[in-house]
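Notes for the one structure printed next.
The values are calculated or read from the model by the stated rules, or taken from the named source; none is laboratory data. Just so you know, these numbers come straight off a predicted model, no measurement behind them. Ideal geometry is used to build each Cβ from the backbone, glycine not excepted, and the neighbour counts take in all protein chains shown. For the accessible areas, the whole protein counts, side chains as well, though only heavy atoms, and no ligand, DNA or RNA atoms are used. Shrake-Rupley method; radii C 1.70, N 1.55, O 1.52, S 1.80 Å.
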Amino acid sequence: MRKAALLLAMAIVAAAALPAAAMTIRADRLQKAYLDLGAQPEYASVGKIDETIGCFSSIGSGTLIAPDWVLTAAHVADDATAISFTIGGVKYDAAEWFVHPSWTGNLLAGYDIGLVKLAAPVAGVAPAVRYAGEEEFGAVGTMVGYGLTGTGRTGAKTFDGQKRGGRNMIDFYAGAAADSARVLLVDFDNPGNRRDNRFGSAVPLDLEGLIAPGDSGGGLFIGDGAAARLAGVTSYVRAFDGKNDSDYGDTAAFTRVSAFASWIDETMQSCLVDVAGGGRLAAEGSVSPIPEPASLALLALGLGAIAARRRRV
Ligand SMILES: [Ca+2]
Ligand SMILES: [Ca+2]
C-alpha cells in the first residue's frame, strides 16, 4: 500500500502543475447548484483578493480566519505590491502580507500558504474555523473560490467573477506519509468514463468539481453548516492529459491547513512588530536560487488571462 502510494506520488510529480482556484463543474449538472453551494453561509468567510503587481492586476481568493486576517496561497501574495480583500460587498485594504518562510516559488514543495493582515477588521462576517484534526483523508471537501468556470468536458474557459462551491473527495496526499503530508489532493472523476480516475473512487460526487486555472488561495472545507472547518488552501492543478484546464481527469492540490497551525498562529501573534516597507516579511531572504520549473511560468499567463478578461467586462 505504501509502495503504491509512493509510486502514485511520483507519477503526480511527473505531471504538469499550474496555480489555481476557481471551479469547473460536472457537465451533467446545473451551474446554479454550484453557485448556490458557494453562497451558503458557512462559506461566507471566502472572499475575493485583488492583487496589484506594479501596474498589473490579478484576482485571487482568500478565507477570513480572524476579523483582520485572511489565509491565502503564498503564490497569490508573494509578488504583490498591493492587496485588497472584498467580502460581504465591502473592500478592505491589506496592511501587510506574509508568505511561509519555506516558500520558494515551487508549488510542489508544499509551502504554498500566506497570510494577509487587513488594515481594518471585517464587520458582519464570521471568520472560518480552522480544521485542527488529522482525519482529512477520505473526507468530502467543499472547495470555494472565484474565477474561471466551465465543465468537465470543456475545461475552464469562462470568467464571470462569481463565487462557486464544488465538492470532491480528499482521497490522496503529496508526500511520503499521510500524517506528515502538507498537501491534500483530489481528482475530477468523470461520470461517463472511469478511465479519468486518478486515485480513490472513480465515481464522482453529486456536485463534484475542480478548482480551475486562474486565481488561487480559496478555501477547502470539511463538514457542513456550523460544523464546516477550513482544511485547505487552494494551490494548484495538475493535468495528465497535457492540458491544465481542470477538465475530467485533472487533479488539484490544497495546502493542508492543519500542518501549518503553528506558523499561522505565530505569524498572527508576531504581526505587531513594525517593519518598514510592509509585505513579504516572512519571505525576505528565503527565496531559493533553485530554477523555477517550467510549469510556474504559467502562473502569469493564468492570472493575466483573468486580468485581461476582467478589463473587458
Ligand atoms: Ca474526485
Ligand atoms: Ca477518483
Of all the residues that make up the range 136-183, how many are touching a residue at least 12 places away in the same chain (Cβ under 8 Å), among the polar types (S, T, N, Q) and touching a Ser or Thr at 6+ places or on another chain (Cβ under 9 Å)? 5
The range 188-206 residues that are on the phi > 0 side of the Ramachandran plot and in the same structural domain as D28 (by TED's automatic domain parsing), paired with ones that are in a strand (DSSP E or B) and more than 8 Å from ligand 2 (Cβ to nearest atom) (beta carbon under 8 Å, 6 or more apart): G200/F172
Would you mention how many residues in the range 37-57 are among the acidic types (D, E) and either part of a strand (DSSP E or B) or free of Cβ contacts under 8 Å to residues at least 12 places away in the same chain (or both)? 2
Quick one: G89 ticks every box in (1) over 16 Å from T267 (Cβ atoms); (2) buried (at least 24 other Cβ atoms within 10 Å of the Cβ) bar one, so which box is it? (2)
All conditions in (1) open to solvent by less than 30 Å² (accessible area, probe 1.4 Å); (2) within 19 Å of L71 (Cβ to Cβ) are true of G209 except (2)
Consider only pairs whose beta carbons are under 8 Å apart and that are at least six residues apart or on different chains; among these, list those whose first residue lies in the range 79-107 and is farther than 25 Å from A259 by Cα and among the hydroxyl-bearing types (S, T, Y) and whose second residue is open to solvent by 30 Å² or more (accessible area, probe 1.4 Å) and outside any strand (DSSP E or B). T81/G54; Y92/A119; Y92/A120
Per the filter on the range 180-239, residues assigned to a loop (DSSP other than H, G, I, E, B), within 9 Å of ligand 1 (Cβ to nearest atom) and under 27 Å from F85 (Cα atoms) are none
When the range 237-262 is checked residue by residue, the ones that are closer than 21 Å to G38 by Cβ and open to solvent by 10 Å² or more (accessible area, probe 1.4 Å) are D245, D247, Y248
Could you grab me the full set of residues in the range 240-258 that are in a strand (DSSP E or B) and either without any contact (Cβ under 8 Å) to a residue 12 or more places away in the chain or closer than 23 Å to L115 by Cα (or both)? A252, A253, F254, T255, R256
Of F188, F221, F137, F199, the only residue that is within 16 Å of ligand 2 (Cβ to nearest atom) and within 23 Å of S262 (Cα to Cα) is F137
Lone unmet requirement of (1) within 16 Å of ligand 1 (Cβ to nearest atom); (2) surrounded by fewer than 21 Cβ atoms within 10 Å (Cβ to Cβ); (3) not in a loop (DSSP other than H, G, I, E, B) for T158: (1)
Given the conditions (1) over 30 Å from W97 (Cα atoms); (2) away from ligand 1 (no atom under 12 Å from the Cβ); (3) at pLDDT 95 or above, report the number of the one that G242 does not fulfil. (3)
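Each row is one residue, and each column tells you yes or no for (1) within 12 Å of ligand 2 (Cβ to nearest atom); (2) open to solvent by 10 Å² or more (accessible area, probe 1.4 Å); (3) farther than 15 Å from F221 by Cα.
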| site | (1), (2), (3) |
| --- | --- |
| T149 | no, no, yes |
| M169 | yes, yes, no |
| A174 | no, yes, yes |
| A177 | no, yes, yes |
| A181 | no, no, yes |
| L184 | no, no, no |
The range 97-135, residues that are touching a Leu at 6+ places or on another chain (Cβ under 9 Å), more than 15 Å from D79 (Cβ to Cβ) and part of a strand (DSSP E or B): L115, L118, R130
Within the range 61-80, of all residues that are farther than 18 Å from G145 by Cβ and either modelled with pLDDT under 95 or in a helix (DSSP H, G or I) (or both), the one most open to solvent (accessible area, probe 1.4 Å) is D79
Of the conditions (1) over 18 Å from the mean Cα position of the chain (by Cα); (2) in a strand (DSSP E or B); (3) not assigned by TED's automatic domain parsing to the domain that holds A66; (4) not aliphatic (A, V, I, L, M), the single one that R164 does not satisfy is (1)
